[in-house]
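Enquirer: Quick one: the structure is below, and I'll ask about it shortly.
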Amino acid sequence: MKPIYMDNNATTRVAPEVVEAMLPYFSDLYGNPSSMHAFGGNVGAKLKAARQQVAALLGAQPDEVLFTSCGTESDSTAIHAAIRSHPEKRHIITTRVEHPAVKNLGEHLAKNGYRVTFVPVDRQGRLDLDYLYKNLSDDTAIVSVMWANNETGTIFPVEEIAAKVRERGIVFHTDAVQAVGKIPINMADSAIDMLSLSGHKLHAPKGIGVLYIRKGTKFAPFLMGGHQEGGRRAGTENTASIIGMGRAAQLAMDSMQDENTRVRALRDKLETELLKRVPASMVNGDPENRLPNTTSIAFEFIEGEGILLLMDQYGICASSGSACTSGSLEPSHVLRAMGVPFTAAHGSIRYSLSIYNTEEEIDFVIDKMPPIIERLRRMSPFWKEGRIA
Ligand code: PLP
């Protein structure tokens, strides 16, 4: 059965064009880009082209693009670079709704001598900006705020925050893993100092990431060794994946329009129809400032895991609002930070679409979801005869 894949914030299909661009670098073109001979040098030239392609997507200069192994490495590199370049500063600001790549690092640093401020969000998932600004101090080494939330799709005003943070001479980093490729980004016109992205969220393979570092930003490498990446990240380059990343960046520029019109319309249809057909359901997060591909819907009084299992029988792939990937059935820290009641957080499903989704798939899901929810509610102690018990 071909999956109906609506879990693109978890990972995406590698675009066929990306696979095609990468294949020669697994077979005939295996040279080391750092070699002196032409065989390796030709691969080096392709890496240079890929760097330019990524820079074009970000509105950046090619030498501001650093290739890493994933979004997590980019986030860690950025935060460590800032704290190691400013050893006298012992304070970090981030938010309560970051991906674990930032959240868990923040919690680790908090246990290891740093003061870490986690900015709260309101019921709609919007950041308390006053709280953030009030906490900026001369001791702050870095502010890290995600561009868009992976669970709800909520977009944060990172440009506005970066401008305020820059006035204080503090480094600003954004985890833009979910934003890049879905919404326009132009670093030439921005006060953001560092930005993370991840290949597998935009139809490149898993295991390739990028850290944008604005020229002039103080930086200390995380991986030390050879001279690769201008001495900013040692280790022989993942050549095939970097070339795939470049091609994916090019494709993302071409598909951005489709993402913001057709994909948005599909998402809106799915959301509107499910809310209409399923009682006691609601959207989590800011419905206005939101990624075009994401909707997180709470189906109250049932368990997300049960919903996913029944969806899986039809080949429908999505994610739940609990952190089951970490082996716990606790509702996600994002929904908890927003104050979503437990009975709603537990039954939250995130649908995240891509340019590969079709209207037929949306119609299929709209058709299958209401009986799934009804079946589970019949077993729920909170639900009796079509309403809350
Ligand atoms: N940041 C965000 C917002 C994400 O959604 C993810 C992945 O889900 C990451 C970071 C981590 O990226 P990677 O899987 O490439 O390490």
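The values are calculated or read from the model by the stated rules, or taken from the named source; none is laboratory data. This one's a predicted model, so the numbers in the text were calculated from it and none came from an experiment. Counting neighbours? That spans all protein chains shown, and the Cβs are built from the backbone with ideal geometry, glycine included.
Enquirer: Any residue in the range 19-37 that is in contact (Cβ under 8 Å) with a residue 60 or more places away in the chain and at negative phi sitting within a Cβ distance under 7 Å of a residue that is assigned to a loop (DSSP other than H, G, I, E, B) and of a type outside the set (Val, Ile, Thr)? List the pairs, counting only those 6 or more apart or interchain.
Expert: Sorted first by the residue in the range 19-37, then by its partner, the pairs are 33/237; 34/228.
Enquirer: Here's another thing I want to ask about it. Among (1) in contact with a Leu (Cβ under 8 Å, 6 or more places away or on another chain); (2) at positive phi, there is one condition residue 161 misses while meeting the rest; what is its number?
Expert: (2)
Enquirer: Please determine whether any residue of the range 15-27 is part of a helix (DSSP H, G or I) and within 16 Å of the ligand (Cβ to nearest atom).
Expert: Yes, that holds for at least one residue.
Enquirer: Of the residues in the range 28-53, how many are within 27 Å of the chain's Cα centre (by Cα) and either not hydrophobic (A, V, I, L, M, F, W, C) or not in a helix (DSSP H, G or I) (or both)?
Expert: Number satisfying all stated conditions: 5.
Enquirer: Of all the residues that make up the range 281-312, how many are modelled with pLDDT of 95 or more, part of a loop (DSSP other than H, G, I, E, B) and among the hydrophobic types (A, V, I, L, M, F, W, C)?
Expert: 1
Enquirer: Another one. Just to check your reading of the model, which residue among 207, 231 is more than 25 Å from residue 290 (Cβ to Cβ) and touching a Cys at 6+ places or on another chain (Cβ under 9 Å)?
Expert: 207
Enquirer: Also: Could you please give the count of residues in the range 196-232 that are more than 15 Å from the ligand (Cβ to nearest atom) and not hydrophobic (A, V, I, L, M, F, W, C)?
Expert: Total meeting the criteria: 14.
Enquirer: Given the conditions (1) over 25 Å from residue 179 (Cβ atoms); (2) over 22 Å from the mean Cα position of the chain (by Cα); (3) not β-branched (Val, Ile, Thr), report the number of the one that residue 361 does not fulfil.
Expert: Of the numbered conditions (1) over 25 Å from residue 179 (Cβ atoms); (2) over 22 Å from the mean Cα position of the chain (by Cα); (3) not β-branched (Val, Ile, Thr), the odd one out for residue 361 is (1).
Enquirer: Inside the range 196-227, can you point out the residues that are outside any strand (DSSP E or B) and under 24 Å from residue 6 (Cα atoms)?
Expert: 199, 200, 201, 202, 203, 204, 205, 206, 207, 208, listed by residue number.
Enquirer: Filter the range 160-197 down to the residues that are under 28 Å from residue 354 (Cα atoms), crowded, with 17+ Cβ neighbours inside 10 Å and acidic (Asp, Glu) and list them by number.
Expert: 175
Enquirer: What tally of residues in the range 59-81 results from selecting those that are part of a helix (DSSP H, G or I) and more than 16 Å from the ligand (Cβ to nearest atom)?
Expert: Residues in the range 59-81 being part of a helix (DSSP H, G or I) and more than 16 Å from the ligand (Cβ to nearest atom): 4 in total.
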